[in-house]
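**Student:** Here's a structure for you.
The values are calculated or read from the model by the stated rules, or taken from the named source; none is laboratory data. On a predicted model such as this, the values are computed, not experimentally measured, just so you know. All Cβ positions, glycine included, derive from the backbone under ideal geometry; neighbour counts span all protein chains shown. Accessible surface is based on the protein model in full, side chains and every heavy atom, while ligands, DNA and RNA are left aside. Shrake-Rupley method; radii C 1.70, N 1.55, O 1.52, S 1.80 Å.
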Amino acid sequence: MKKKVLSVLLVAAMTVSMLTGCGNKPAGNDAQSAAPSEASKETEAAAETTASAEDETLTVWCWDPNFNVYAMKQAEKAYQVDHPNFKLDIQEKVYSDIETALITAAEAGDYSTLPDIFLMQDYSFHKNATNYPGIFTALDDCGIDFSQFSMGKLADSTVDGTHYGIPFDNGATIMAIRSDMVEAAGLKVEDFKDTTWSEFMELSKKVMAANDVPMLTCSGGSEIVIEMLQSAGASPMVDGKVSLVDNKALKKAIETYKQLIDEGIMADYTDWDQYIASMNKGTAAGVIQGCWIMSSIQAAEDQAGKWAIVNMPKLDDVEGATNYANCGGASWAVSSNCKNTDLAFDFLNATFGADVDLYDDLLVNAGAIASYLPAAQSETYNEGNEFYGGQAVYKDIVEFAGHVPGIDYGAYYSDIRSALTDAITNVVQKNADIDTEIKNAQDTVEFNIAE
């Protein structure tokens, strides 16, 4: 793009020079000979217009036409109100292709193939910023007030104190429960708010007895254990070193998970379709998951008015434990190949960094819940949702996000999760010793890091 603009400007400059040279007569000729010709003026104006238009175009990579692609199109429209020449070149790419393109550029040392802005899954930031730092432009001076976002969400895209991502969607953990099943047990939804896991289990047994179904369904041990870990603010990496052994919160989380399974309070499905069906068919009274699970819950239209949202239980006897965690999501990044970082910064600041009206639109039309905390104050976020019995669930979810502790996975989220999955499987299915399995998990992660 720069070459094209430069080319146009050079042609314009040469044209002006040639015209001026041809009209360079000895002193004493009329004033017209000293003034640029009309053709020269038109050429200069055309060059300036072309340069201006191209300078106000940013290229974006993202992947879901009904979600983040839609969000970028709406952000473009919002920014164009005060910047009519602004334009986005939005290129839809499968996320795995984005990752591959980023890594290919980094390993080749040629970042010219990258867009100005791209969307990255949160759990990939530490890995890529650590292994391929040349991909990113740091965002600390972009003008955004990062304190207005969920700290738990920001932790995923902040590496060594430097911000590399602007949060897009909200992955705050929710506990969605069947209000009708809770009431059948003589309880209220409010009874499940702000509980510890031991309190939750006692309440759950009453719901199970009244409805003859497990209280919770889950899709694999490591995910909910990691949510428990985050809810306590307990990082699996400390000062760049693996910290699974002697991690009190981790041991307590695995103990809690085992108790949930052993006592039949939670059913664990390895098949995703069966997991979703357990919610939709009423063979479980609730689920703990990132708030994005709501779209799957709401697929069962016959259950409208029978669900409610509360925060998750917190670990017993763990210092710093909370009722809040985050699971999943993505954030916007600015590449090192950005042609106009000032424009990219201003665009992102004015839209995803400040525009509550934009977040209202994305909630209504794309189902994207903000992790921008001021969005919770809007009328749209405070409206009751009939599927959840009139509860203002989106306001509650943004408020949950504001309490999520930030934890550090370093560049090894996938390694940690995989090792913990093996440990949890052995504890639950083989009754293996928890301390031994945690030690094995730490050894596995350390071995992978050392490779």
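**Student:** Rounded to whole Å and ordered largest first, report the semi-axes of the equivalent ellipsoid of segment 125-234 derived from its Cα gyration tensor (root of 5λ).
**Tutor:** 40, 15, 11
**Student:** Report Rg (one decimal) and Dmax (nearest whole number) for the chain, counting Cα atoms only, units Å.
**Tutor:** So, for the chain, Rg and Dmax equal 27.3, 107 Å respectively.
**Student:** Over the chain, average the accessible area per residue using a 1.4 Å probe and give it in Å², no decimals.
**Tutor:** Per-residue value: 44 Å².
**Student:** Rounded to the nearest Å, what's the spacing between the alpha carbon centres of segment 368-388 and segment 329-367? Just the number, please.
**Tutor:** For segment 368-388 versus segment 329-367, the Cα centre distance is 18 Å.
**Student:** Quote the relative contact order of the chain in percent (integer), defining contacts as alpha-carbon pairs under 8 Å separated by 6+ residues.
**Tutor:** Normalised by residue count, the contact order of the chain is 23 percent.
**Student:** So who's got an amide H within less than 5 Å of the one on Asp408, skipping anything under 5 residues away but keeping other chains? H placed 1.01 Å off N, in plane.
**Tutor:** Ser235, Met237
**Student:** For n ≥ 4 DSSP H runs only, could you compute -39500 (n - 2.57) per run for the chain, divide by its residues and tell me the 222 nm figure to the nearest 500?
**Tutor:** -14000 deg cm²/dmol
**Student:** Continuing with this model, one more query. Of Ala209, Ile261, Ala185, which is farthest along the charge dipole of the chain in the positive direction, counting Lys and Arg as +1 and Asp and Glu as -1 at C-beta?
**Tutor:** With unit charges placed on the Cβ atoms, the residue in question is Ile261.
**Student:** Could I have the simple spin-label model distance between Asp212 and Asp180, label points 7 Å from Cα toward Cβ, reported in nm to one decimal?
**Tutor:** The two pseudo-label positions are separated by 1.7 nm.
**Student:** Taking the square root of 5 times each eigenvalue of the Cα gyration tensor, what semi-axes in Å does the equivalent ellipsoid of segment 253-341 have, largest first?
**Tutor:** One finds semi-axes of 31, 22, 14 Å for segment 253-341.
**Student:** Once phi is turned into θ = phi - 60°, what whole-Hz ³J(HN,Hα) does the Karplus curve with 6.51, -1.76 and 1.60 give for every residue of segment 134-145, x standing for Gly and Pro?
**Tutor:** x, 5, 9, 9, 5, 10, 4, 10, 7, x, 6, 8
**Student:** Also: For the chain, which whole percent of the accessible surface, found with a 1.4 angstrom probe, sits on carbon and sulfur atoms?
**Tutor:** Here carbon and sulfur together make up 48 percent of the probe-accessible area.
**Student:** Along its three principal axes, how long is segment 164-319 when you only count alpha carbons? Whole Å, largest extent first please.
**Tutor:** 49, 35, 29
**Student:** How big is the accessible area of His126 in square angstrom, nearest 10, if you roll a 1.4 angstrom probe over the protein chains?
**Tutor:** 20
**Student:** Grab segment 242-400 and count how many Lys pairs have their alpha-carbon atoms under 26 Å apart, sequence gap of 8 or more, or different chains.
**Tutor:** Lysine pairs meeting the criterion: 10.
**Student:** Turning to a different aspect of this structure: Quick one: Debye curve from the C-alpha atoms of segment 298-451, no solvent, what's log10 I(q)/I(0) at q = 0.16, 0.17, 0.18 Å⁻¹?
**Tutor:** The calculated log intensity ratios at q = 0.16, 0.17, 0.18 Å⁻¹ are -1.09, -1.12, -1.15.
**Student:** Figure the gain on full extension for Asp342 and Val245 (residue separation times 0.36 nm, minus the Cα-Cα span) and round it to one decimal in nm.
**Tutor:** 30.4 nm
**Student:** Could you work out the per residue convex hull volume over the alpha carbons of segment 262-302, in cubic angstrom?
**Tutor:** 76
**Student:** Taking 0.36 nm per intervening residue step and subtracting the Cα-Cα distance, what contour gain separates Asn85 from Ala304 on full extension?
**Tutor:** That works out to 74.3 nm of additional length.
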